[in-house]
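Working notes, structure below.
Read-outs: derived from the displayed coordinates by stated rules, not from any lab. Predicted, not measured: the structure shown is a model, and the values here were computed from it. So basically every Cβ, Gly included, is an ideal-geometry build from the backbone, and we count neighbours across all protein chains shown.
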Amino acid sequence: MGTLDPGFTEMLSGDFYTRRLASEAGESTLVLNMGPQHPSTHGVLRVIIELDGEYILRAEPVLGYLHRMHEKMAEDRTYIQYLPNMGRVDYLHAMAWNWAYVGAVERLAGIEVPERAEYIRVIVTELNRISSHLVWWGAYLLDLGAFTPILYAFEDREIILDLLQIPTGSRLTYSYFRPGGVAYDINEEFLAGLKTFIPYMRGRLPMYRDLVTDNIILKGRLEKVGVIPLEMCRRYGATGPVVRGSGKRYDVRIAEPYSVYGRFSFDIPTHSDGDCMGRYLVRMAEIEQSLAILEQAAESIPPGPHLVKGAPKVRWKPPAGEAYFAVEGARGKIGVHLVSDGTNTPYRCKLRAPGFSNMSLFAELSRGVLLADAVAILGSLDLVIPEMDR
Amino acid sequence: MRFDWSFWLAALHEIPEEFVRIVAALVALCVFIPVNALVLVYLERKVAGHVQRRPGPFEVGPHGILQTVADALKLVGKQLFRPYGADRVLFWLAAILAFAPVFVLFLPIPFGPVLTTLDVNLGLLLILAFAGVNVLSICLAGWSANNKWSLIGAARGVAQCVAYEIPLLLALLAVAFMKGSLNLSQIVQGQGNWPWQWNVVTQPIAFLVYFVCAVAETNRSPFDLPEAESELTAGFHTEYSGMGFGMFFLSEYANMIVVCAVAVSVFLGGWKGPLLPGLWWFLGKVYGLLLVIMWFRWTYPRVRFDQLLNLNWKWLMPLSIANLVLTAFVMKVV
């Protein structure tokens, strides 16, 4: 080999994180960077792993490749100007983040929300939850080596995106909620589309089950893999399908009821095994439950205004104080903590991302598993990297 | 000086017929293999498209028929890149080694009643022996690329190919026992025109074991672990670009044809069939099997590595041995 700049060869030996992990690595092990560019880390998660053969001895997630300072940005713009940021925290379940933020603002200023707006919020959030689960489903199977399901999932997701485009005007990074209601009312076209979508999606789910869930290879890959004990969920603060997959019936929609969720009858699916299959089945069952909520909400949506009179405008100032509001996102509990000093910009805005807590499990969970199982575990946590980094 | 025709003609007659046949076959294969690969890639993308409820390639040429030609040209035009620290000789040798044995693999295959290049008695053995070279190329590719993902992919590839070769061989051996020959042409001759006269009827277990092993040997989904995209980025060929990758790609499709051709010759009556000429029956059956392999790929998730080896050592191996013993017993006693 030719002579090289020593700085260059040092660069090839990895950065600070790699070298730190490598310095503690054993003699016959392999230190491997999984990510930030890797097909199954879904974006830019980076996991440094120490391998012994195909077994993972240690894994260390490295975050921050998609850090955009959303919390700091809140301190620099007014309450209303910050709204578009929320759609960009978690691009798959943007509606829930919208809701968590406007919920906190409403609680801070004591704004009442019209009943129709609450129904619209439930409908769009549940639709968005289904689309989020569909993307997870497709991408997860892509991780497991099945190429076809993601295209079926995207075919169904496309209908949801088309539907949500009617009231929101966007397809991914929604900025639809306003403190005191929603930006636009839903129309007949949307409701009619929703009413045809619900039976359509119900008809698709058995096909999903036949094609994928009952497949013997999939069962072999998911069952008894990545078992998360409930105690570990509690230590790391895991929420959403991860904790429900471990047998705990915890859902913010039931535990800290908000909006009109109390008026609908729906089930909180849980699974007692705590393995990847448990989390998988919980998410698949959640699609059905979201459809049940949608059906009830679409039937009983009351007339009325979609936005309260005198809703906050751009330079609106809330009273000084603090407020915390949590909603159930597709990935778990989304919390927004706002501190107001009475000016038109928040003093502090803390975003609690469920993905961050769920991902924290990974380092402990992946100890001693196969590389292929680590991919299955990572996918079963349903990580959205921009949400983790914020 | 006058050109002495008679001398050269006499010299031409001295060349053994076998030699002429092989040279002619190699020239034909130089066309057949790449053209078939182009057709297969197109077919695979169309099959994938229709399985996934989309049209597949549609832009280049009518129904996208020239898409693979465009892709091949793109591959040829790309820079051949060798990563820092890669072993220069072994890195390129691996790509060549992946493709070179393919030519030998095609020689003993009976494409039709007279379309057999090498009508040798050890045809089956020749194919099995040279198919093993593929493992070496995977091993070298993974080792020489100086990439950890490649290395893991290569380790998987070697373990997988070596393991699956054994039941594959045992399954073929059962048929060889029955027919008393390793000559593919003779094995085909021993079968009839109709499906119930084929070896698959008398040896269903061997066919099943062979086909599963053949899918694993060619590293096709659900056994595509050496290149498991979502785990190892691209496995053993992560660092190859342009035609370096093209060689592996070409050899994958050529190997698929070979394993299907062997399956057809040994189990499915080879070129035999009513009405149509033998060659069409042969190609039709081969493409039928290839479609099944493609169908697997676009339907199933990937198995895990320990499951893959468990399937081999705990199921296929005992099954094929039992089948072999049973065949031997029946042949000897009955």
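Computed from the C-beta positions of B:Val333 and B:Val201 and an R0 of 22 Å, the FRET efficiency is 0.60 to the nearest 0.05.
Considering only A:Tyr258, A:Tyr184, A:Tyr200, the Gaussian network model of chain A with Cα springs below 10 Å gives its largest mean-square fluctuation to A:Tyr200. Relative protection proxy for A:33-44, B:186-197, from highest mean packing down: A:33-44, B:186-197 (other beta-carbon atoms within 10 angstrom).
Dividing the convex hull volume of the alpha carbon atoms of the stretch B:227-334 by its residue count gives 157 Å³ per residue. Distance between the 7 Å Cα→Cβ label points at A:Asp341 and B:Leu26: 8.4 nm. Placing a label point 7 Å from the Cα of A:Glu256 along the Cα-to-Cβ direction, the residues of the stretch A:222-237 whose backbone N falls under 15 Å from that point are A:237.
In chain A, the DSSP-assigned H stretches of four residues or longer account for a calculated mean residue ellipticity at 222 nm of -15000 deg cm²/dmol, using -39500 (n - 2.57) per stretch and the full residue count as denominator. Relative to its Kirkwood radius, the Cα radius of gyration of the stretch B:57-150 gives an Rg/Rh of 1.12.
Return one quarter of the surface area of the convex hull spanned by the alpha-carbon atoms of chain A, equal to its mean projected area, in nm². Could you put the intermediate results ahead of the total?
Numbers: hull surface 86.0 nm².
So the Cα hull casts an average projection of 21.5 nm².
Principal-axis analysis of the Cα atoms of chain A puts helix A:276-300 at an angle of about 10° to the longest axis.
Using R0 = 22 Å, the C-beta based FRET efficiency linking A:Glu188 and A:Glu158 works out to 0.55. Rg/Rh for the stretch A:94-202 (Cα atoms only, Rh after Kirkwood) is 1.04. Sorting B:Glu227, A:Glu256 by the number of Cβ atoms found within 10 Å of their own Cβ, with the fewest placed first, yields A:Glu256, B:Glu227. Seen against the Cα atoms of chain A and their longest principal axis, helix A:149-168 is set at about 30 degrees. Placing one equal scatterer on every Cα of chain B and applying the Debye formula, the log10 ratio I(q)/I(0) at q = 0.07, 0.09, 0.16 Å⁻¹ is -0.32, -0.52, -1.46. Cα centroids of the stretch A:329-347 and the stretch B:273-313: 56 Å apart. In the stretch A:128-284, inverting the average of 1/r over every pair of distinct C-alpha atoms gives 17.5 Å as the Kirkwood radius.
Please report A:Val327, B:Val201 as a ranked list, fewest other C-beta atoms within 10 angstrom at the top and most at the bottom.
B:Val201, A:Val327
Taking 1 over the mean of 1/r across every pair of different Cα atoms in the protein assembly as shown, what Kirkwood radius in Å do you get?
Taking the inverse mean of 1/r over all distinct Cα pairs, the protein assembly as shown comes out at 29.0 Å.
Shown is the FRET efficiency for A:Ser265 and B:Leu136, computed with R0 = 60 Å from the Cβ-Cβ distance and rounded to the nearest 0.05: 0.40.
Distance distribution P(r), the stretch A:208-324, all Cα-Cα pairs, bin width 10 angstrom from 0: 12, 29, 26, 20, 10, 3 percent. Relative to the longest principal axis of the Cα atoms of chain A, the long axis of helix A:94-109 makes an angle of roughly 60 degrees.
Where Lys and Arg each count +1 and Asp and Glu each count -1, what net charge lies around A:His306 among other residues with Cβ under 15 Å from its Cβ?
Details: positive: A:Arg116, A:Arg121, A:Arg178, A:Lys309; negative: A:Glu106, A:Glu112, A:Glu115, A:Glu118, A:Asp185, A:Glu188.
Cβ neighbours under 15 Å give a net charge of -2.
For the protein assembly as shown, a crude dipole built from +1 on the beta carbon of Lys and Arg and -1 on the beta carbon of Asp and Glu, taken about the Cα centre, is about 740 debye to the nearest 20. One equal scatterer on each Cα of the stretch B:81-233, no solvent, Debye formula: the resulting log10 I(q)/I(0) at q = 0.09 Å⁻¹ is -0.36. Mean per-residue shielding of peptide A:146-153 is 5, counting Cβ atoms of other chains within 10 Å of each Cβ. Only helical runs count toward this figure. For chain B, summing -39,500 (n - 2.57) over DSSP H runs of n ≥ 4 and dividing by all residues gives -21500 deg cm²/dmol at 222 nm.
Listing A:Lys350, A:Lys248 from fewest to most neighbouring C-beta atoms within 10 Å gives A:Lys350, A:Lys248.
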